[in-house]
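Worksheet: one structure, shown below.
The values are calculated or read from the model by the stated rules, or taken from the named source; none is laboratory data. Values in this document were obtained by computation on a predicted structure and should not be read as measured data. All Cβ positions, even for glycine, are placed from backbone atoms using ideal geometry, and neighbour counts span all protein chains on display. Quick note on the areas: whole protein, heavy atoms, side chains included, nothing else; ligands and nucleic acids left out. Shrake-Rupley method; radii C 1.70, N 1.55, O 1.52, S 1.80 Å.
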Amino acid sequence: MQTHIAKRVEIVIEAPLERRLTEALTAAGVTGYTVLPVLGGSGRSGQWSRDGQVGRAGMVSVVCLIKPKRLDGLLDAIFAVVKKHIGVVSVTDAHVLRAERF
Amino acid sequence: MQTHIAKRVEIVIEAPLERRLTEALTAAGVTGYTVLPVLGGSGRSGQWSRDGQVGRAGMVSVVCLIKPKRLDGLLDAIFAVVKKHIGVVSVTDAHVLRAERF
Amino acid sequence: MQTHIAKRVEIVIEAPLERRLTEALTAAGVTGYTVLPVLGGSGRSGQWSRDGQVGRAGMVSVVCLIKPKRLDGLLDAIFAVVKKHIGVVSVTDAHVLRAERF
Amino acid sequence: MIEILSLAGANLISPIILSFALGLLAALARSDLTIPEAVAKGMSIYLLFAIGFKGGVAVSAHGIDQTLVLALLAGLVLSFTLPLLAFGLLRVLTGLSAVDAAAVAAHYGSISIVTFVAATSVLQGRMISSEGYMVAVAAVMEAPAILSALWLVARSGGEARMEPGLIRELLLNGSIVLLVGAFFIGAITGEKGFAEISAFIEAPFKGVLCLFLLDMGLIAGRGLRQSRGVLGLGAVGFAIAMPLVSALLGLGVGALIGLSLGGIVLMMVLCASASYIAVPAAMRVALPEANPAIYLTLSLGVTFPFNLTLGIPLYLAIAQAVTGA
Amino acid sequence: MIEILSLAGANLISPIILSFALGLLAALARSDLTIPEAVAKGMSIYLLFAIGFKGGVAVSAHGIDQTLVLALLAGLVLSFTLPLLAFGLLRVLTGLSAVDAAAVAAHYGSISIVTFVAATSVLQGRMISSEGYMVAVAAVMEAPAILSALWLVARSGGEARMEPGLIRELLLNGSIVLLVGAFFIGAITGEKGFAEISAFIEAPFKGVLCLFLLDMGLIAGRGLRQSRGVLGLGAVGFAIAMPLVSALLGLGVGALIGLSLGGIVLMMVLCASASYIAVPAAMRVALPEANPAIYLTLSLGVTFPFNLTLGIPLYLAIAQAVTGA
Amino acid sequence: MIEILSLAGANLISPIILSFALGLLAALARSDLTIPEAVAKGMSIYLLFAIGFKGGVAVSAHGIDQTLVLALLAGLVLSFTLPLLAFGLLRVLTGLSAVDAAAVAAHYGSISIVTFVAATSVLQGRMISSEGYMVAVAAVMEAPAILSALWLVARSGGEARMEPGLIRELLLNGSIVLLVGAFFIGAITGEKGFAEISAFIEAPFKGVLCLFLLDMGLIAGRGLRQSRGVLGLGAVGFAIAMPLVSALLGLGVGALIGLSLGGIVLMMVLCASASYIAVPAAMRVALPEANPAIYLTLSLGVTFPFNLTLGIPLYLAIAQAVTGA
Ligand SMILES: Nc1ncnc2c1ncn2[C@@H]1O[C@H](COP(=O)(O)O)[C@@H](O)[C@H]1O
Ligand SMILES: Nc1ncnc2c1ncn2[C@@H]1O[C@H](COP(=O)(O)O)[C@@H](O)[C@H]1O
Ligand SMILES: Nc1ncnc2c1ncn2[C@@H]1O[C@H](COP(=O)(O)O)[C@@H](O)[C@H]1O
Ligand code: NA
Ligand code: NA
Ligand code: NA
């Protein structure tokens, strides 16, 4: 099966910022992303959990597969949103099927 | 700690196709997989969200750790299901504990 | 954008063990982790699904980004918890923004 | 005509319709109001269980009259044939491809249980009784239209994936199983069973329906916002003409087999309503090339609100005029 | 005998049992009907809160009679000792390893609160009153059996992880805290508190129980389907013999300490029922080598339906015969 | 004074307060009791819909009296100005940075709808009627305080992100839209609409409130446990002094514009209560540098329980003394 080199960018960010992040991704030319729920976690700002929360509490995980050459522009766009906020960004090398989609 | 080379395959696929995908994975000799929920996303077919949905709407993410030599057969099996459908497939190099499980 | 080498460790473990795992991670000096929900899956101990479950059934996925030099100690700590239990551990090479956080 | 309008007017200012409108407006205004998926599913489980159970209790009370078998049969035949009519109309009114037209046709041959529930609650408000087994007719009409649509595609030279698992999936679909199961529980336990759980089944029903329609409004509004420009005028015309034509067919069939006024109205509503839960999922499996934005927008964004607001009182008025009740 | 059967017959056609049967059948037929996890948890929170609160209100109304302490003590002792009995029976009837047998034994020493709730609703239907503090007895019986099981494993030379955190986890287990907490709220606020929230606590109770049992049926059915072949005849025999023997023990103890007819039946049901929520989670922590398919299938797939359908009316009939009520 | 205490005492042993206490204790004792997120959200949607709807029905019954506009205006002005007062107090009582103080101030200028709901249920228990449009005043008071807080930060030389999307987000916030929407549905459908869904809106209301407050207790307890040591005595003093001062302001304004006794109490409660849902999310967007542990602990961990237990009966007693009712 023919696969193509890609980058998998994963951003764990506060839920109230989700819309701003996905708008920034779209503005940076990303063709797609997937939002995953997060149950809880721990970091420098302490431990938290989604249990019983009513508001837009907690974090979400946004995963984005992109062509490698787009990575730098994308990271700049992400950083502009994440900079002042709680959140973690990681990048992994990946291969994808159907390169024409990215 | 002794780790072993493996491949991590991640398939974001429409929820109504989930059973067909996991059956194809099992038929392709996969020893295990994990299904993660997806809250929403965006792609060529537009933006969507799981909020308030009643039916089998939306997508799920299926993650599968396998021995590298199995990758090609697996991707063929996956592609047979995903081909005509909305969905994204990515592969990452990984290491696993307890190789005898894969 | 400046990125830094890191390891992404992903542990799929039984939900009743979650607290013990995250305590072990913290004891091993991890600065943060993220817990993701899991809908279902399949492995040597059969197929399962979270649907309709009332108790602490099923599994969760714990993701942990760390400095590479910490990996060995961390895997030992994880293995001490996972050893006798149902669960899968995988490690991927990654890059992160804001290295001072890890 | 004036009567119909005043009937429609009274219907329009019920909490149920206004809740739907609230959801629609909130979504169009891009409010972040949402109902969690689990809560929406919980409400739909409640509604299906309650409506099925009440239907069963009614059957146990009034006995099975001879039209039961006729009604089930009529439902089956209508669900098989309405897609052919829809397909023809679509080919005339719109430029949709055969696959897209067939997928839309499947939705209009099947039914919307929420529209059915809303209609029963309008009937109840007007003290018009109906045959309890109409929920069984609803269950029977869910799946057949899908097979007709696949046949339409195959006939047009398209590829429809009719794999072995699909039929079982359609018949054992969660909402059918729950509706039919609750119907049998109601039929078996009868008035005694009803007395035991009526405080759960009956009292909060309309309130839950309000919140559920709020959610439907939110989803419909989101869909409309995202699919702006997908649909031409022909398609929108179809989404209003088709329920009217189908309702008349339902009227004829219902009168023919001797249903009561309430039963006729419910038959009209089943014919006129379009699925947006079971059929879309089946289409993703069997006709993945069909564009979901088209069939979802038509059934949930146009036909559903039309039936809810104008359709139901209109069908009731027509049925009253025709049956002379 | 005929009386028992007719009692069982009447019990079998209640909406509650039929809802369970519907879930079981749907799962065995591989329908995709499911209840969302959050909804199932929400219903169990509701049921625990309601049953605990009502027990507390009953205690506040009738005062604490002198048997309260005795009943709590009896529950404690029974929960500690029933696992030993179960372990012995299992070693005779089955070829299970010591670890698997101990894990199963822990489940049968503990209790199933849903079986308890179903029994209270059967008693209520027959106008038989019972001691309100039986819910406190239920709470007391949840955890001790786990310690007995760990002791059995240690005695058999096995490794049981009795870490410091475990006891606290068992005692502060969510369902125990909720049940006991609601009991105290009911006892403190009494009839006045009950009047305030009875429309929530009382009226929809049976209906929610139906949907909850539908879910239990779905889970039990899924479990049975997946564990086909795991269990021998001996194990299945145990899962029916053990509740009968335990119920008789409960009968003796209940009569001895002077419980009312209703109280005796509930004590029998507590003894006869097996845990499938708190204990399985504890076993995964403390006895990970034990096979979950075995203990879940026995407790949820065999003993739970047995108690729900035949067990409860049987225990009631026996208690009536013995107490002469 | 004795009257106030006995009033407070009676309030303290209601199921509602005790449910909150149960949650608090369970969380502090590190029980694993939790309410699923979807269930908590479902309950809050129910409560908002019910309280809004009932307010609207009350307005439709009694008509719009001339104080409606005054009350809305007063709410607006209070929500804009209370943060200035809070900011001043915080700078005197605590060593918080300008950004942290402004963030806290935003919470105290806004309102807690659950405290409002609890107060209406206390009033109802004492047969004290109130203006139905007070829920509209509550809606009006949610957002303005945020703008004042951002202005405070900007004035202190800090950076507050006042991006275009924020205002729309605040005004179309889900809970505001639901509350106001349900209010209009109630006002339009009136007594007739209320009759249709009162079994859902009214009967189970207090019971749902109990479970919701159980959840609030769990969250508050978790927060308190995790933020031990974050807050000094000055901050805690603020969290009790501020509601008292605000309540007096509300009393004055309410009396001035001619609200009824019930209306005055609700105005006091709106002023005294602090947001912990809408404002925290807005702060994460607009003032990310502010520490959430501070504002959440103060509003949810200190002020919310204070108002719920002592505050509401105190405000009621004061209002009764002042108005001579
Ligand atoms: N090293 C890490 N690995 C994985 N997730 C992390 C890590 N650090 C932080 N997180 C996630 O990001 C959230 C916020 O982190 P922080 O800003 O450090 O408080 C945490 O609650 C975790 O969900
Ligand atoms: N580049 C991408 N990165 C991550 N997820 C994607 C990407 N493209 C598509 N997806 C996911 O796959 C779904 C369907 O994609 P599509 O077929 O392009 O509409 C989207 O809704 C996303 O959840
Ligand atoms: N190869 C695999 N890839 C991904 N997830 C797996 C794999 N094997 C097991 N799992 C997950 O781990 C759980 C327990 O696995 P097991 O211990 O093999 O039964 C499964 O239910 C899956 O959720
Ligand atoms: Na139809
Ligand atoms: Na037992
Ligand atoms: Na305030």
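Worth a mention:
- Segment F:31-43, subset more than 7 Å from chain E (Cβ to nearest Cβ) and of a type outside the set (D, E, K, R), residue least open to solvent (accessible area, probe 1.4 Å): F:ALA40
- Taken together, the residues in segment D:153-179 that are in contact (Cβ under 8 Å) with a residue 12 or more places away in the chain, part of a helix (DSSP H, G or I) and open to solvent by less than 50 Å² (accessible area, probe 1.4 Å) amount to 7.
- Within segment D:103-130, considering residues that are hydrophobic (A, V, I, L, M, F, W, C) and away from ligand 4 (no atom under 15 Å from the Cβ), the one farthest from D:TYR276 (Cα to Cα): D:MET127
- Residue check for D:LEU28: modelled with pLDDT of 95 or more, surrounded by fewer than 16 Cβ atoms within 10 Å (Cβ to Cβ) and more than 21 Å from F:PHE53 (Cα to Cα): yes
- Residue check, F:ALA38 part of a helix (DSSP H, G or I) and free of Cβ contacts under 8 Å to residues at least 40 places away in the same chain: yes
A quick yes/no check of all residues on (1) out of contact with any Cys (no Cβ under 6 Å at 6 or more places or on another chain); (2) modelled with pLDDT of 95 or more; (3) under 26 Å from C:ALA77 (Cα atoms):
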residue: B:GLN2; (1), (2), (3): yes, no, yes
residue: B:VAL12; (1), (2), (3): yes, yes, no
residue: B:ALA28; (1), (2), (3): yes, no, no
residue: B:GLY43; (1), (2), (3): yes, no, no
residue: B:VAL60; (1), (2), (3): yes, yes, no
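- Some residue of segment F:276-292 being within 14 Å of chain A (Cβ to nearest Cβ), out of contact with any Phe, Trp or Tyr (no Cβ under 8 Å at 6 or more places or on another chain) and at pLDDT below 90: yes
- On the stretch given as segment F:187-210, residues that are within 30 Å of E:PHE53 (Cβ to Cβ) and facing chain D (nearest Cβ under 9 Å) total 9.
- Residues that are closer than 17 Å to D:GLN226 by Cβ and away from ligand 2 (no atom under 12 Å from the Cβ) were ranked within segment B:43-54; the one that is least open to solvent (accessible area, probe 1.4 Å) is B:GLY52.
- Given (1) crowded, with 20+ Cβ neighbours inside 10 Å; (2) away from chain F (no Cβ under 14 Å), number of the condition D:GLY237 does not satisfy: (1)
- The conditions of being open to solvent by 20 Å² or more (accessible area, probe 1.4 Å) and either farther than 22 Å from D:GLY181 by Cβ or away from ligand 1 (no atom under 16 Å from the Cβ) (or both) are not met by D:GLY75.
- Among the residues of segment E:289-308, those that are open to solvent by 10 Å² or more (accessible area, probe 1.4 Å) and either in contact with a His (Cβ under 8 Å, 6 or more places away or on another chain) or aliphatic (A, V, I, L, M) (or both) comprise E:ALA293, E:ILE294, E:LEU296, E:LEU300, E:VAL302.
- Hits in segment A:82-102 (condition: modelled with pLDDT of 95 or more and open to solvent by 50 Å² or more (accessible area, probe 1.4 Å)): A:ASP93, A:HIS95
- Verdict on B:LEU25 being open to solvent by less than 20 Å² (accessible area, probe 1.4 Å), within 16 Å of ligand 1 (Cβ to nearest atom), at the interface with chain C (Cβ under 9 Å from one of its Cβ atoms) and not polar (S, T, N, Q): no
- If you go through segment C:1-22 and keep only what is more than 16 Å from ligand 1 (Cβ to nearest atom) and assigned to a strand (DSSP E or B), you end up with just C:GLU14.
- Meets criteria (modelled with pLDDT under 95 and either more than 16 Å from ligand 3 (Cβ to nearest atom) or open to solvent by 10 Å² or more (accessible area, probe 1.4 Å) (or both)) for F:ALA247: no
- Selection of first residues in segment A:64-81 that are open to solvent by 10 Å² or more (accessible area, probe 1.4 Å) and of second residues that are within 16 Å of ligand 1 (Cβ to nearest atom) and not in a helix (DSSP H, G or I), restricted to Cβ pairs under 7 Å at least 6 apart or on distinct chains, gives the following pairs, ordered by first then second residue: A:LEU65/A:ARG8; A:LEU71/A:VAL91; A:PHE79/C:LEU97.
- Any hit, segment F:8-17, residues being more than 14 Å from chain E (Cβ to nearest Cβ), modelled with pLDDT under 95 and open to solvent by 40 Å² or more (accessible area, probe 1.4 Å): no
- Residue match in segment A:9-20 (condition: hydrophobic (A, V, I, L, M, F, W, C) and surrounded by fewer than 21 Cβ atoms within 10 Å (Cβ to Cβ)): yes
- Filter pass, E:SER110 being touching a residue at least 40 places away in the same chain (Cβ under 8 Å), touching a Gly at 6+ places or on another chain (Cβ under 7 Å), open to solvent by less than 30 Å² (accessible area, probe 1.4 Å) and under 25 Å from E:VAL236 (Cβ atoms): no
- Screening D:GLY262 on (1) touching a His at 6+ places or on another chain (Cβ under 8 Å); (2) more than 14 Å from chain B (Cβ to nearest Cβ) shows it passes everything except condition (1).
- Any hit, segment C:74-83, residues being within 12 Å of chain B (Cβ to nearest Cβ), within 16 Å of ligand 1 (Cβ to nearest atom) and within 19 Å of A:VAL9 (Cα to Cα): no
- Cβ pairs under 6 Å, 6+ apart, first in segment D:139-152 and within 16 Å of ligand 6 (Cβ to nearest atom), second part of a helix (DSSP H, G or I) and of a type in the set (Ser, Thr, Tyr): none
- Qualifying residue in segment D:222-229 (condition: more than 24 Å from D:LEU147 (Cβ to Cβ), within 14 Å of chain F (Cβ to nearest Cβ) and small (Gly, Ala, Ser)): no
- Candidates D:ALA105, D:ALA61, D:ALA50, filtered to the one that is among the aliphatic types (A, V, I, L, M) and touching a Pro at 6+ places or on another chain (Cβ under 6 Å): D:ALA105
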